[in-house]
Amino acid sequence: MWRYERGAFHPEAFPLPEEARLVLVVNGAPWTALSYTPGEEAYLALGHLFLSGVLTGLEGVRLRVGEGMVLVDLPEEPRRDLGVRDSGCAAGLRYGEPRLGPLPEVPLDPELPIHLLAELREKARLYPRTRGIHGAALFDLEGRLLYLSEDIGRHNAVDRLAGYMLLEGVSPPVLVASTGRVSQEMAAKAIAMGAVLLASRTGATAPAVRLAQDYGLALAAYVRPGGYRLYAPGGILRPWALPSFPRPPGGPS
């Protein structure tokens, strides 16, 4: 490749992110196909199904990873409603929605969002080499890194966190950091995983903020070394300690 700088082209070697297609087969029938970064296919497949509301646990589930596909056998046939394509890059069709429940009230250190993004930035391996890739990381309540995922799709990166929790027996509550935009789908994934804090390097949409406030998810966006924007307080700022925490326009009062 060449870099154009100061009016001239200069040759430059720069690795590109890998991209492949992963087919999920559920009970013998194709379920969806995902464009993804190869590796840790079991985490991605199980996390995707869990955050689509298909799985509640691993009891009775059998998993086989093959070339370009993951075969998942469930004890019961899942519903195949109208598929919805996630708005995130590289995400495939999603059937159903995550199962959401109220999050526990956990007091959180205000410095945690800064710490989580710093850890994600420091421990990421593919992003410094290729740039064109997303990262997500799972932490315990003390901010200790449990697992880090990098993928061309921001949804895939977060789905892998849920798959890791299932296979490795990690119980909520947890903390999540992401490099990607926090859409409503991304906030719902964090809530379904039992995350009490979602910290993002970029912004959040109005429906995501409303969802976070409704379920008690602390949502910190535009996290930088010097600070961040807190869109939903969760355990960082207790709602009852604020006279009138503003809600985004268009939502319920």
Quiz item: Can you tell me which of P104, P98, P172 is under 21 Å from G216 (Cβ atoms) and modelled with pLDDT under 90?
Solution: P98
Quiz prompt | Qualifying residue in the stretch 195-207 (condition: over 12 Å from the mean Cα position of the chain (by Cα), more than 30 Å from E12 (Cα to Cα), of a type in the set (V, I, T) and modelled with pLDDT under 95) | solution = yes
Practice problem: Search the stretch 1-54 for residues being within 24 Å of L126 (Cβ to Cβ) and basic (K, R), and hand back the single one that is modelled with the highest pLDDT. | Solution: R21
Exercise. Can you tell me which residue among L22, L46, L55, L71 is part of a helix (DSSP H, G or I), in contact (Cβ under 8 Å) with a residue 40 or more places away in the chain and under 23 Å from E168 (Cβ atoms)?
Key: L46
Quiz item: List pairs: first in the stretch 26-37 and without any contact (Cβ under 8 Å) to a residue 40 or more places away in the chain, second crowded, with 20+ Cβ neighbours inside 10 Å, Cβ under 9 Å, 6+ apart or cross-chain?
Solution: P30/L24
Practice problem: Quickly run through the stretch 55-65 and pick out the residues that are hydrophobic (A, V, I, L, M, F, W, C) and either at pLDDT 95 or above or surrounded by fewer than 17 Cβ atoms within 10 Å (Cβ to Cβ) (or both). | Solution: L58, V61, L63, V65
Quiz prompt | Of all residues in the stretch 130-186 being polar (S, T, N, Q) and under 21 Å from V70 (Cα atoms), the one that is surrounded by the fewest Cβ atoms within 10 Å (Cβ to Cβ) | solution = S149
Exercise. Determine whether the stretch 107-121 contains at least one residue that is more than 25 Å from Q213 (Cα to Cα) and modelled with pLDDT under 95.
Key: yes
Exercise. For the stretch 154-183, enumerate the residues that are of a type in the set (G, A, S) and touching a residue at least 12 places away in the same chain (Cβ under 8 Å).
Key: A157, A162, G163, S171, A177, S178, G180, S183
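The values are calculated or read from the model by the stated rules, or taken from the named source; none is laboratory data. Just so it is clear, the model here is predicted, and its values are computed rather than measured. Backbone-built Cβ (ideal geometry, glycine too); neighbour counts: all protein chains shown.
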